[in-house]
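Since the structure comes first, as structure tokens, the remarks are kept for the end.
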Amino acid sequence: MSVLLNYMVMQTEAQLGRAVEGDLREDLHDYLVRLYKVCQWTEECNLLAFVYLLRLLANTVAPVQLRRDNCKLLMLGTLMIAQKFWDDRSLRNQDMPVAWQRATTGEKRVNLKQVNSLEIEILRAIEWELYVSECDYVACYQELTSLVGK
């Protein structure tokens with residue numbers, strides 16, 4: 001997933017006319033691994049979160065751009081929502097600032113108010129559409145696994 005996130009960030013920054021700085025793949029990969037270890041959601045949540053991120057980026061009413069400075073926070077938000085939707089036991093919003101702190105290095109801290117706002121903003125932007133059909137799930141899974149082999 002970090003390969004695709006990196007590609008998406010680089011594309012956005014190029015479209016914005018920003019100088020494309022170094023590759024984010026390793027940093028994003030390490031962040032997602034650390035976040036996974038801290039939060040311990042089921043593996044399906046990773047894919048659901050990515051589908052939610054795609055829905056968020058496709059929103060035309062309130063467009064969001066995936067950039068270097070927001071991609072980790074957006075993944076935190078979509079992963080938190082995916083875990084609440086999919087897992088029988090999920091972390092609470094108040095756990096997310098701690099998870100963020102443990103998963104990031106050198107990033108600005110987030111607080112509970114920011115986490116709550118992030119969750120509501122994402123849910124509104126994706127119009128509370130949390131269900132992912134089997135067809136969409138499989139298509140996204142195949143796309144991501146095909147990128148791993150490249």
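The figures follow:
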| quantity | calculated |
| --- | --- |
| Scan of the stretch 106-121 for residues that are of a type outside the set (Ser, Thr, Tyr) and farther than 18 Å from Tyr31 by Cβ, ordered by number | Asn111, Leu112, Lys113, Asn116, Glu119, Ile120, Glu121 |
| Selection within the stretch 37-54 - surrounded by 16 or more Cβ atoms within 10 Å (Cβ to Cβ), more than 13 Å from Val9 (Cα to Cα) and either without any contact (Cβ under 8 Å) to a residue 24 or more places away in the chain or of a type in the set (A, V, I, L, M) (or both) | Val38, Leu47, Leu48, Ala49, Val51 |
| Any hit, the stretch 15-25, residues being within 15 Å of the chain's Cα centre (by Cα) and either surrounded by 13 or more Cβ atoms within 10 Å (Cβ to Cβ) or at pLDDT 85 or above (or both) | yes |
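The values are calculated or read from the model by the stated rules, or taken from the named source; none is laboratory data. None of these values were measured; they are calculated from a predicted model. Glycine also receives a Cβ, built like all others from the backbone with ideal geometry; neighbour counts cover every protein chain displayed.
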